[in-house]
Amino acid sequence: GAYKTLENGRSTIEQPGIDYAVEYYLKYPAVLRQDVLKHDYRMANALFWENNKAERNQLQDFAKKYYLQVPDSVKGVCEEFKQYLKEQNNLLARYQAGEANDSDIIQAVKSYIMADTTYTLSPGKTPSGRETVEYFLKENKKGYCTYYATTAAVLLRSVGIPARYVEGMYVSREELAGAGEKKELEIPDEDAHAWIEVFDEKYGFVTVEVTP
């Protein structure tokens, strides 16, 4: 409830201060994600979206050009997912007709993947020559964040929603402070993670968690 609207239509913090800066990079993506999943854009109003429509269209063209590609090797898996959407009250058809939004598809992707898979850090290796996404979904049904993120990105792309795979490492402020003048930090594997960013026509690429 600490937002106010500027003259250009964009929302900003009502009482800015150093206390807001500490967790900004953690809170801001969370707000964007909540808005996209609720299909409720609180960060700006109609005036703002109208004023930057040209720039947003350029970004959308870019996203569709580079983040809708699906390898031929997973087309069968994608067709099965589309059949699943059909069984969910014709969700894909309703989405294409504008009667459902991206958030409905995102939630369907998460439900579809998690319904028959189990999170584990020891899923075993994908057999040589096999497609990882297909093996994960249809046979092994076990995996960790990279499996979930890769699969979600592929399924979203297959129905026309640009998505990209992201990896990162978590480094705390205490670890950074303790490094002193060192040029290197040793980060354990347990602090690595993979997730996806889904393109939204208003907010751009938004972080979405798909790992259970």
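The values are calculated or read from the model by the stated rules, or taken from the named source; none is laboratory data. Note that the structure is predicted; figures quoted are calculated from it, not measured. As a convention, Cβ positions derive from the backbone with ideal geometry for all residues, glycine included, and neighbour counts pool all protein chains shown. When the accessible area is computed, the model is the full protein with side chains, heavy atoms only, and any ligands, DNA or RNA have been set aside. Shrake-Rupley method; radii C 1.70, N 1.55, O 1.52, S 1.80 Å.
Below, the figures for the structure above:
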{"quantity": "Matching residues, the stretch 77-94, being surrounded by 12 or more Cβ atoms within 10 Å (Cβ to Cβ) and either farther than 14 Å from Ile113 by Cα or among the charged types (D, E, K, R) (or both)", "calculated": "Glu80, Lys82, Lys86, Gln88, Asn90, Leu91, Leu92, Ala93, Arg94"}
{"quantity": "Selection status of Leu85, in contact (Cβ under 8 Å) with a residue 24 or more places away in the chain and either under 23 Å from Asp40 (Cα atoms) or hydrophobic (A, V, I, L, M, F, W, C) (or both)", "calculated": "yes"}
{"quantity": "Odd one out for Val133, checked against (1) under 30 Å from Glu201 (Cβ atoms); (2) open to solvent by 40 Å² or more (accessible area, probe 1.4 Å)", "calculated": "(2)"}
{"quantity": "Residue within the stretch 118-127 that is over 12 Å from the mean Cα position of the chain (by Cα) and either open to solvent by less than 30 Å² (accessible area, probe 1.4 Å) or at positive phi (or both) present", "calculated": "yes"}
{"quantity": "Residue in the stretch 149-159 that is open to solvent by 40 Å² or more (accessible area, probe 1.4 Å) and either in contact with a Cys (Cβ under 7 Å, 6 or more places away or on another chain) or within 25 Å of Val70 (Cβ to Cβ) (or both) present", "calculated": "yes"}
{"quantity": "Filtered residue count, the stretch 11-33, keeping only those that are at pLDDT 80 or above and within 22 Å of Glu50 (Cα to Cα)", "calculated": "3"}
{"quantity": "Selection status of Pro188, out of contact with any Gly (no Cβ under 8 Å at 6 or more places or on another chain) and more than 30 Å from Tyr41 (Cα to Cα)", "calculated": "yes"}
{"quantity": "Subset of the stretch 202-212 [part of a strand (DSSP E or B) and farther than 30 Å from Phe62 by Cβ]", "calculated": "none"}
{"quantity": "Residue list for the stretch 168-201, filter: in a loop (DSSP other than H, G, I, E, B) and either open to solvent by 80 Å² or more (accessible area, probe 1.4 Å) or touching a strand residue (DSSP E or B) at 6+ places or on another chain (Cβ under 8 Å) (or both)", "calculated": "Tyr170, Glu181, Lys182, Lys183, Glu184, Glu186, Ile187, Glu201"}
{"quantity": "The stretch 107-140: number of residues that are among the hydrophobic types (A, V, I, L, M, F, W, C) and touching a residue at least 24 places away in the same chain (Cβ under 8 Å)", "calculated": "6"}
{"quantity": "Residues of the stretch 36-57 classified as open to solvent by less than 90 Å² (accessible area, probe 1.4 Å) and either part of a helix (DSSP H, G or I) or touching a helix residue (DSSP H, G or I) at 6+ places or on another chain (Cβ under 6 Å) (or both), total", "calculated": "10"}
{"quantity": "Matching entry among Ala153, Ala149, Ala177, Ala163 (being over 25 Å from Gln96 (Cα atoms) and of a type in the set (A, V, I, L, M))", "calculated": "Ala177"}
{"quantity": "Hey, Gly160 on the phi > 0 side of the Ramachandran plot and at pLDDT 95 or above or not", "calculated": "yes"}
{"quantity": "Criterion (part of a helix (DSSP H, G or I), in contact (Cβ under 8 Å) with a residue 60 or more places away in the chain and among the polar types (S, T, N, Q)) met by exactly one of Gln69, Gln60", "calculated": "Gln60"}
